[in-house]
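Peer 1: Please read through the structure below; I'll follow up with questions.
The values are calculated or read from the model by the stated rules, or taken from the named source; none is laboratory data. Values in this document were obtained by computation on a predicted structure and should not be read as measured data. Cβ atoms come from the backbone with ideal geometry, glycine included; neighbour counts cover every protein chain shown.
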Amino acid sequence: MCYGLFNKLASTESPQGVLALVRLPEWTEKDLLKGTPLVVVLDGVQDPGNAGAILRTAEAFGATGAVFLKGTVSASNPKCLRASAGSAFRLPIVNEIPAGLALYAADPRAKLSIADARFEAPCAIVIGVEGSGVRPELAAQATGLKIPTVQVESLNAAVAAGILLYEARRQRSS
């Protein structure tokens, strides 16, 4: 084996000795809308580690799919794939929000707390970029939800997504 070439092709400093070239499955909106849809929407999330962690968390809490809107890192980014721990291959991912879903947007300035949201119905949880949040035109179409915190203004995008998805799962399991 040519370790010099292998190390050059690997995207990590200490590769595990295996490289593969694979294509993500091609999904449609219909794939996201199975059962009672719970979709996570990434709006401008640029950090591939956060995007991958959101995918992993979404799968863990029963989301039916994810939407990577324009301006969001690619789901096929190597760091995103690693952080997703395989979820990027199992969770349907599309680039547009399907119609007919109630939209909830993470917003630390919102009046409605996550405990007051109704996640039992078909819905999508929108996670924006750290710093500026969800784009204003998308936020205007959504119900803003805040995660009550103490002494901290906002949370990391993946952490916020995890808390919101956990609450959705909790409500749907009750």
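Peer 1: Pull up segment 46-83, narrow it to residues that are among the aliphatic types (A, V, I, L, M) and in contact with an Asp or Glu (Cβ under 8 Å, 6 or more places away or on another chain), then point me to the one that is surrounded by the most Cβ atoms within 10 Å (Cβ to Cβ).
Peer 2: Val67
Peer 1: Please specify each residue of segment 35-90 satisfying the condition of being hydroxyl-bearing (Ser, Thr, Tyr) and not in a helix (DSSP H, G or I). Walk me through how you get there before you give the answer.
Peer 2: Within segment 35-90, the subset hydroxyl-bearing (Ser, Thr, Tyr) is 36, 57, 64, 72, 74, 76, 84, 87.
Result: Thr36, Thr64, Thr72, Ser74, Ser76.
Peer 1: Let me ask something else. Only one of these conditions is not met by Glu130: (1) charged (D, E, K, R); (2) surrounded by 14 or more Cβ atoms within 10 Å (Cβ to Cβ); (3) farther than 16 Å from Ala58 by Cβ; (4) at pLDDT 95 or above. Which number is it?
Peer 2: Evaluating Glu130 over (1) charged (D, E, K, R); (2) surrounded by 14 or more Cβ atoms within 10 Å (Cβ to Cβ); (3) farther than 16 Å from Ala58 by Cβ; (4) at pLDDT 95 or above leaves (4) as the failure.
Peer 1: Something else now. When you scan segment 98-108, do you find a residue that is in contact (Cβ under 8 Å) with a residue 40 or more places away in the chain and over 26 Å from Gln141 (Cβ atoms), even just one?
Peer 2: no
Peer 1: Please verify whether Ala99 is within 23 Å of Val134 (Cβ to Cβ), at pLDDT 95 or above and part of a loop (DSSP other than H, G, I, E, B), treating the condition exactly as stated.
Peer 2: yes
Peer 1: Is it fair to say Arg109 is in a helix (DSSP H, G or I), modelled with pLDDT under 95 and of a type outside the set (A, V, I, L, M, F, W, C)?
Peer 2: Against the criterion (in a helix (DSSP H, G or I), modelled with pLDDT under 95 and of a type outside the set (A, V, I, L, M, F, W, C)), Arg109 does not qualify.
Peer 1: Here is a further query. Somewhere in segment 136-150, is a residue under 19 Å from the mean Cα position of the chain (by Cα), outside any helix (DSSP H, G or I), farther than 20 Å from Leu55 by Cα and polar (S, T, N, Q)?
Peer 2: Yes, segment 136-150 has at least one match.
Peer 1: Residue by residue through segment 88-122, note down the ones that are within 14 Å of Glu167 (Cβ to Cβ), crowded, with 21+ Cβ neighbours inside 10 Å and of a type outside the set (A, V, I, L, M).
Peer 2: Tyr104, Phe119
Peer 1: Would you mind finding the one in Ala124, Ala168, Ala158, Ala115 that is in contact with a Leu (Cβ under 7 Å, 6 or more places away or on another chain) and either assigned to a helix (DSSP H, G or I) or polar (S, T, N, Q) (or both)?
Peer 2: Ala168
Peer 1: Next question, about the same structure. Only one residue in Gly65, Gly133, Gly49 is within 30 Å of Arg23 (Cβ to Cβ), in contact with a strand residue (DSSP E or B) (Cβ under 9 Å, 6 or more places away or on another chain) and of a type in the set (Gly, Ala, Ser), so which one is that? Talk me through it step by step, then tell me what you get.
Peer 2: On the way: Gly133 fails: within 30 Å of Arg23 (Cβ to Cβ); Gly49 fails: in contact with a strand residue (DSSP E or B) (Cβ under 9 Å, 6 or more places away or on another chain).
Being within 30 Å of Arg23 (Cβ to Cβ), in contact with a strand residue (DSSP E or B) (Cβ under 9 Å, 6 or more places away or on another chain) and of a type in the set (Gly, Ala, Ser) holds for just one of Gly65, Gly133, Gly49, which is Gly65.
Peer 1: To continue, here is another question. Identify the residue in segment 46-105 that is among the charged types (D, E, K, R) and under 11 Å from the mean Cα position of the chain (by Cα) and, among all such residues, is nearest to Lys34 (Cα to Cα). Show your work before the answer.
Peer 2: Just the residues of segment 46-105 that are among the charged types (D, E, K, R), to begin with: 47, 56, 59, 70, 79, 82, 90, 96.
Filter again for under 11 Å from the mean Cα position of the chain (by Cα), leaving 56, 59.
Numbers: Arg56: 19, Glu59: 14 Å.
Per the criteria, the residue is Glu59.
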